[in-house]
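Chemist: My structure is below; once you've seen it, I'll send some questions.
Every number in this text was worked out from the coordinates using simple rules, so none of it is lab data. Note that the structure is a prediction, hence the values are computed from the model and not measured. No Cβ is skipped: glycine too gets one built from the backbone with ideal geometry, and neighbour counts run over all protein chains shown.
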Amino acid sequence: MREARFIPLKQESPPAPASGAVLPLPLAIASPLPSGVQAPLDLLHRPLRDLRISVTDRCNFRCGYCMPRSVYGPGHRFLPHQALLSFEEIERASRLMVSLGVRKLRLTGGEPLMRKQLDQLVASLAPLQTPEGTPVELTLTTNASLLADKAAALKAAGLHRVTISLDALDDTIFQRMNDAGVSVRQVLHGIEAAQKAGLGPIKVNMVVQRGVNEDQIVPMARHFRHSSIELRFIEYMDVGASNGWQMDQVLPSEQVRERIAEHFPLQALPAAQTGETARREAYSDGAGTIGFISSVTQAFCGDCNRLRLSTDGRLYTCLFAHQGHDLRAALRAGDDDDTLRARLHALWQQRQDRYSALRGTTASAGTMHSHAEPPADAARRIEMSYIGG
Ligand code: SF4
């Protein structure tokens, strides 16, 4: 059964505090767009290619860097169901974005597998094609704790591949990090199910925190060698306002690389495509590839082509944004497709985000130290659990 489209009957709850300020979508300069004007560039000449869709703000983990239990405890108010975009609204938004240049759709959360009947959403997105007739890449980021039972259905619905978050192989360290009693075995079981279902190539993301899980770098590398799974090491980022991020908790990718190369020699690979977040390297002995996402020490804003859609229908043009634009209001106000497309076109055209690059400038100028705050005001940043990583 398809999820019912929401018809508002009463005033909605106030926005979740994680969402930041909310602005209306910009008005269209022309609607429909003049023929030949389709794919917009932003003010830094970057196209729109990647749409990350958060389908729930809930997660069954309480990782300290994302949803610490001190903030997201039993009393926390998550979004009420009626605030969420329906599957029909997500499909419509995705279809319009694809007509404007999006080539990849990534479902995220929270933990996206906590949204009921997610395979139905996947089935509605799977047929989307670019204006040139190419299928849109459809991916999912998950902690994999619920994946074992769902992998086959997601594949059957049309999901192409999964990216899995796993921060340690040692069960004590992992359970301390997820603060939810989920074992490494449960996640590995989910990974096996994804492999069996054919949801590859699979990527595993490990957020490295100095003093927390840095001793897991080599064991993780060893475990995923020869597996055809690409392990990617992510620098701990200052996303949101609830994790108390400090610069001295970041272990730079260069140091992660050195630790791995001491055991397994590496050689650099060229970037596969523009806008790729990871710098990839291959094991010299042919045991596979790994990646480094150096969001803090080597900003990649220059070719960032990502747009984020929150669970309740707000669009964020940067992971570190302070404000979103209310697509849900426009969807529910009855705007037709031409008008919505033109308004989305205008939104991307006015984008000029480059938070990490500016943070890097501040750091290299020597003004950023272990407790320093990057250029923007951290307290007002939106939370990663609200818009996905
Ligand atoms: S900081 Fe913002 S603009 Fe820069 S890479 Fe991250 S999401 Fe893109």
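Chemist: Treat every Asp and Glu Cβ in the chain as -1 and every Lys and Arg Cβ as +1, leave all other atoms uncharged, and give the resulting dipole magnitude about the Cα centre to the nearest 20 debye.
Modeler: Values: 44 positive and 41 negative charges, 117 e Å.
Taking the Cα centre of the chain as origin, the dipole is about 560 debye.
Chemist: To continue, here is another question. For a test of the definition: using alpha carbon positions, the gyration tensor, and the 1.5 limit on a/c, classify region 49-182 as rounded, prolate or oblate.
Modeler: On the way: a/c = 2.24, a/b = 1.69, b/c = 1.32.
Cα axes put region 49-182 in the prolate bin.
Chemist: Summing +1 for each Lys or Arg and -1 for each Asp or Glu, what net charge is found among the other residues whose Cβ lies under 14 Å from the Cβ of ALA28?
Modeler: -2
Chemist: Additional query: Using Cα-Cα distances under 8 Å and only pairs 6 or more residues apart, what relative contact order does the chain have, in percent?
Modeler: For the chain, the relative contact order is 25 percent.
Chemist: What residues from region 39-57 fall in the zone where the backbone N is under 18 Å from a label point 7 Å along the Cα-to-C-beta line of GLN350?
Modeler: Label zone hits: 40-46, 48.
Chemist: Once the dipole of the chain is set up with Lys and Arg at +1 and Asp and Glu at -1 on Cβ about the Cα centre, which of GLY64, HIS223, SER124 lies farthest towards its positive end?
Modeler: Among GLY64, HIS223, SER124, the one farthest towards the positive end of the dipole of the chain is SER124.
Chemist: Would you mind giving the average projected area, over all directions, of the Cα convex hull of the chain in nm² with one decimal? If you can, show how the numbers build up before the last one.
Modeler: Details: hull surface 76.2 nm².
The number I arrive at for the chain is 19.1 nm².
Chemist: Additional query: Counting only residues 5 or more places away or on other chains, whose amide H sits under 5 Å from the amide H of GLN209 once H atoms are built in the peptide plane?
Modeler: Hits under the 5 Å cutoff: GLU214.
Chemist: Once you list every other residue whose beta carbon is under 12 Å from the beta carbon of PRO68, what net charge do they have if Lys and Arg are +1 and Asp and Glu are -1?
Modeler: On the way: positive: ARG62, ARG69; negative: ASP179, GLU383.
So the environment of PRO68 carries a net charge of 0.
Chemist: Same structure, new question: Among residues other than ILE290 whose Cβ falls under 11 Å from its Cβ, what is the net charge (Lys/Arg +1, Asp/Glu -1)? Intermediate results must be reported in sequence, preceding the final value.
Modeler: Working: positive: LYS203, ARG225, ARG232, ARG257, ARG279, ARG280; negative: GLU230, GLU281.
The answer is +4.
Chemist: I'd like the antiparallel share, as a percent to the nearest 5, of DSSP beta bridges with both residues in region 21-387.
Modeler: On the way: 14 of 48 bridges.
Antiparallel bridges: around 30 percent, rounded to the nearest 5.
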